[in-house]
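This report concerns only the one structure given below.
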Amino acid sequence: MEIIVLPDAAEVGRVAAAKVASVARRREDPVLGLATGSSPTAIYAELAAEVAAGRLDLRRARGFALDEYVGIPLEHPESYASVIARDVVGPLGMDPALVRVPDGRAADLEAAAVEYDEAIRAAGGVDVQILGIGANGHIGFNEPTSSLASRTRIKTLAPRTREDNARFFDSVDDVPTHCLTQGLGTIMEAREVVLVAQGEAKAEAVAGAVEGPVSSAVPGSVLQFHPHATVVVDEAAASRLRLVDYYRHTYAHKPAWQRFA
Ligand code: F6R
């Protein structure tokens, strides 16, 4: 795991976007794993700027969202289908026909989940998965005690997650109770993962994921088994990391040939 500690959220977005772009540029039709929520918004803004400047072309890129609420109307502005279309597909110049979001309105949710995993596999797997982390340590919506081997499936959102996401809705009661989420096993199959976290509220989850024991109690800790995981955090999100000085030292001495930003 590479842990990069940066002064502020803007730098987190810039460096994480550079990592994503470096993977995306390796092929004409890269497969991107797309997180929603606040954490990756600066990544998408940076990637959109690269596209606008003609330095990155994502017209043939494929995309798979991490998750979707169950039961929310497609046209609801906070459905992840809406968010991905508005904040990702449009600004990044992606082809909407090549971007998938789990179908949280499917009559048969279990079948939709299985089909989603199959679609990722049929696309050749995810080249680079963008991730945020919940304050309770979730990645995707794999809440604590999710199986570390889980596949895309229905999950019940933790009360903490519904409270944290209430800011996107009129009230916490309007936040859906269930979701479809890529499983931890699904996420682990991505060839590269880039996790970003900003702010003090994420510090405990980041410390648990990066330095804690690997445990379903902190689902993000499964990334310790990932061969190519990059964790990019600001000072506040890094504030509970015991080895923070080592991470700073490592990044400062990164050989030129290994740098991407
Ligand atoms: C989003 C997702 C979640 C979020 C996490 C952090 O698709 O799967 O894991 O990344 O809840 O959310 P924010 O970034 O809003 O703090």
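Restricting region 211-232 to residues that are β-branched (Val, Ile, Thr) and open to solvent by 20 Å² or more (accessible area, probe 1.4 Å), which is farthest from the ligand (Cβ to nearest atom)?
My answer is Val214.
Can you run down the residue pairs with Cβ atoms below 6 Å, 6 or more apart or on separate chains, where the first is in region 248-261 and in contact (Cβ under 8 Å) with a residue 12 or more places away in the chain and the partner is open to solvent by less than 50 Å² (accessible area, probe 1.4 Å) and part of a helix (DSSP H, G or I)?
Phe260/Ala18; Phe260/Lys19; Phe260/Ser22; Ala261/Val15; Ala261/Ala18
Table: residues versus (1) assigned to a helix (DSSP H, G or I); (2) free of Cβ contacts under 8 Å to residues at least 60 places away in the same chain; (3) closer than 28 Å to Arg167 by Cα.
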site: Val5; (1), (2), (3): no, no, yes
site: Val12; (1), (2), (3): yes, no, yes
site: Glu28; (1), (2), (3): no, yes, no
site: Leu56; (1), (2), (3): no, yes, no
site: Glu68; (1), (2), (3): no, no, yes
site: Asp87; (1), (2), (3): yes, yes, yes
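Looking at Arg151, Arg167, can you tell me which residue is farther than 15 Å from Glu68 by Cβ and more than 10 Å from the ligand (Cβ to nearest atom)?
Arg151
Considering only residues that are within 16 Å of the ligand (Cβ to nearest atom) and over 18 Å from Asp127 (Cβ atoms), look in region 42-60 and name the one that is least open to solvent (accessible area, probe 1.4 Å).
Ala42
Please verify whether region 2-15 includes one or more residues that are farther than 29 Å from Arg242 by Cβ, of a type in the set (A, V, I, L, M) and in contact with a helix residue (DSSP H, G or I) (Cβ under 8 Å, 6 or more places away or on another chain).
Checked region 2-15: no residue is farther than 29 Å from Arg242 by Cβ, of a type in the set (A, V, I, L, M) and in contact with a helix residue (DSSP H, G or I) (Cβ under 8 Å, 6 or more places away or on another chain).
If you go through region 29-41, how many residues are crowded, with 20+ Cβ neighbours inside 10 Å and within 16 Å of the ligand (Cβ to nearest atom)?
Within region 29-41, residues that are crowded, with 20+ Cβ neighbours inside 10 Å and within 16 Å of the ligand (Cβ to nearest atom) number 7.
If Glu235 satisfies every condition in (1) open to solvent by 40 Å² or more (accessible area, probe 1.4 Å); (2) in contact with a Ser or Thr (Cβ under 7 Å, 6 or more places away or on another chain) but one, which is the exception?
(2)
Can you list the strands (runs of 3 or more DSSP E) found entirely within region 90-192 that contain at least 2 residues being open to solvent by 20 Å² or more (accessible area, probe 1.4 Å) and within 30 Å of Ala53 (Cα to Cα)?
none
If Glu68 passes every condition in (1) more than 17 Å from the chain's Cα centre (by Cα); (2) of a type in the set (Asp, Glu); (3) crowded, with 22+ Cβ neighbours inside 10 Å but one, which one does it miss?
For Glu68, the failing item is (1).
The values are calculated or read from the model by the stated rules, or taken from the named source; none is laboratory data. Keep in mind it's a predicted model, so treat the numbers as computed, not measured. Cβ coordinates were reconstructed from backbone atoms using ideal geometry, including for glycine residues, and neighbour counts include every protein chain displayed. Surface accessibility is based on the protein's heavy atoms, side chains included, excluding ligands, DNA and RNA. Shrake-Rupley method; radii C 1.70, N 1.55, O 1.52, S 1.80 Å.
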